[in-house]
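J.: Sharing a structure below in structure tokens format, with a few things to ask.
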Amino acid sequence: MSNNDEPGWEVDPDDESGAAVVAAVGRQLKLWREAAGMRAAEFGAALGYGEDLVFKVEGGRRIPRPEYLDGADALLRAGGRISAMKEDVAQVRYPKRVRELAKLEARAVEFAAYHNHNINGLLQEEGYMRALFETWLPAYSADEMDRMVTARLGRQSVFTRTPAPMFSFVQEEVTLRRPVGGTMVLRRQLEHLLEVGQLRNVAIQVMPTSRADHPGTAGLIEVLKFPDGTAVGRSDGMFSSRPVSDPKQLRILELRYGMIRAQALTPRESLEFIEQVLGET
């Protein structure tokens, strides 16, 4: 019986480029194992995995985790050549849609986002993420949940990028009060917001529920601006919710977002408000 029944993540059948990378890594692992004269069962037992899962990894049906590759490298005395494959699978383990979003975020120099249902993904603490994903239907498997959380946490590296992009977030008050995951999870999330809000390149604003004239009732707005002056944005209530890059459409999104920011609390007032909500939670 193996001590770890999940040596990796499931491969998305609709992700052709990702599947090709995983298949190539699997073939290399099989070649290394066979060159060492080891059977799959023997190899799996030495690493603590079942034979069937070794076959899945080598057959390109499972994305191997970093520890799997490191273990194989040591066992097969590959001198780091198998461990080096971690770079090949590092991005593939994330869902295709998330990879595409992460690529855009990696290029962006300005971020603007208004969210009215949940805390923005870039601002989420891990416990909050998991609790939020658990509420979505149909229910995700543990494997899918793990991939989504890992991908979302990976996207948050943009906060420490050099040069640092500028971030502007507006959160509806209700997103700070909804006890996703329970009181302790919400408290940790609010503490995380206060921590991120101290970064010099981050401005977090709160839109109070008491605001009567509110231009953001149509739904979320997100705009990313790039160094060459181009941008991409989307809104739940406009352009069929699809990403847009046409300057005229972007101006509409930026106009709406600017009005939302103007009616929200200032960044300083917002951090004080979040501290107040934390004290009440």
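The values are calculated or read from the model by the stated rules, or taken from the named source; none is laboratory data. Remember, it's a predicted structure, so these values are computed and weren't measured experimentally. Counting neighbours? That spans all protein chains shown, and the Cβs are built from the backbone with ideal geometry, glycine included. When the accessible area is computed, the model is the full protein with side chains, heavy atoms only, and any ligands, DNA or RNA have been set aside. Shrake-Rupley method; radii C 1.70, N 1.55, O 1.52, S 1.80 Å.
J.: Would you mind telling me the share, in percent, of accessible area of the chain contributed by carbon and sulfur at probe 1.4 angstrom?
T.: Carbon and sulfur together cover 52 percent of it.
J.: How big, in percent, is the set of alpha carbon pairs in the stretch 166-228 lying more than 15 Å apart?
T.: Roughly 62 percent, rounded to a whole number.
J.: What shape does the stretch 133-243 take by its C-alpha gyration tensor, where a ≥ b ≥ c are the square roots of the eigenvalues and a/c under 1.5 counts as rounded, a/b above b/c as prolate, and the rest as oblate? If you can, show how the numbers build up before the last one.
T.: Details: a/c = 1.23, a/b = 1.13, b/c = 1.09.
In terms of gyration-tensor shape, rounded.
J.: Relative contact order (percent) for the chain, with alpha-carbon contacts under 8 angstrom and 6 or more residues of separation?
T.: Here the relative contact order equals 17 percent.
J.: If you don't mind, another one. List the lysines whose Cα sits under 17 Å from the Cα of K248, skipping any in the same chain fewer than 8 residues away.
T.: The reachable lysines, counting only those whose Cα sits under 17 Å from K248, are K225.
J.: Pulled fully out, how much extra length does the chain show between R161 and E87, if you take 0.36 nm times their separation in residues and subtract their Cα-Cα distance? The partial results should precede the final answer.
T.: Working: separation 74, 0.36 × 74 = 26.64 nm, distance 1.88 nm.
Full extension from R161 to E87 adds 24.8 nm.
J.: So how exposed is S210, as accessible area in Å² (1.4 Å probe, rounded to 10)?
T.: Roughly 100 Å² of S210 is accessible to a 1.4 Å probe.
J.: Using a 7 Å offset from the Cα along the Cα-to-Cβ direction at both D236 and A20, what is the distance between the two label points in nm, to one decimal?
T.: 3.7 nm
J.: Name the shape class, rounded, prolate or oblate, that the alpha-carbon gyration tensor gives for the stretch 178-275, where a ≥ b ≥ c are the square roots of its eigenvalues, rounded holds for a/c under 1.5, and otherwise prolate holds if a/b is larger than b/c and oblate otherwise. Can you show the working numbers first?
T.: Details: a/c = 1.87, a/b = 1.66, b/c = 1.13.
Prolate, since a/c reaches 1.5 and a/b exceeds b/c.
J.: Determine the distance separating the Cα centre of the stretch 151-169 from the Cα centre of the stretch 209-239; give it in Å without decimals.
T.: Centre-to-centre distance over Cα atoms comes out at 19 Å.
J.: Solvent-accessible area per residue for the chain at a 1.4 Å probe radius, Å²? It would help to have the intermediate numbers written out before the result.
T.: On the way: 14510 Å² over 281 residues.
In whole numbers, the chain has 52 Å² accessible per residue.
J.: Another question, if that's okay. When a/c reaches 1.5 or more, the comparison of a/b and b/c decides; with that in mind, is the stretch 42-148 rounded, prolate or oblate per its Cα gyration tensor?
T.: It comes out prolate by the Cα gyration axes.
J.: Follow-up question, since we're still on this one. Report the Cα-based extents of the chain along its three principal axes, largest first, to the nearest Å.
T.: 72, 43, 36
J.: Tell me which of P208, P243, M259 sits at the most positive position along the dipole axis of the stretch 193-281, charges placed on C-beta atoms (Lys, Arg +1; Asp, Glu -1).
T.: Highest projection toward the positive end goes to P243.
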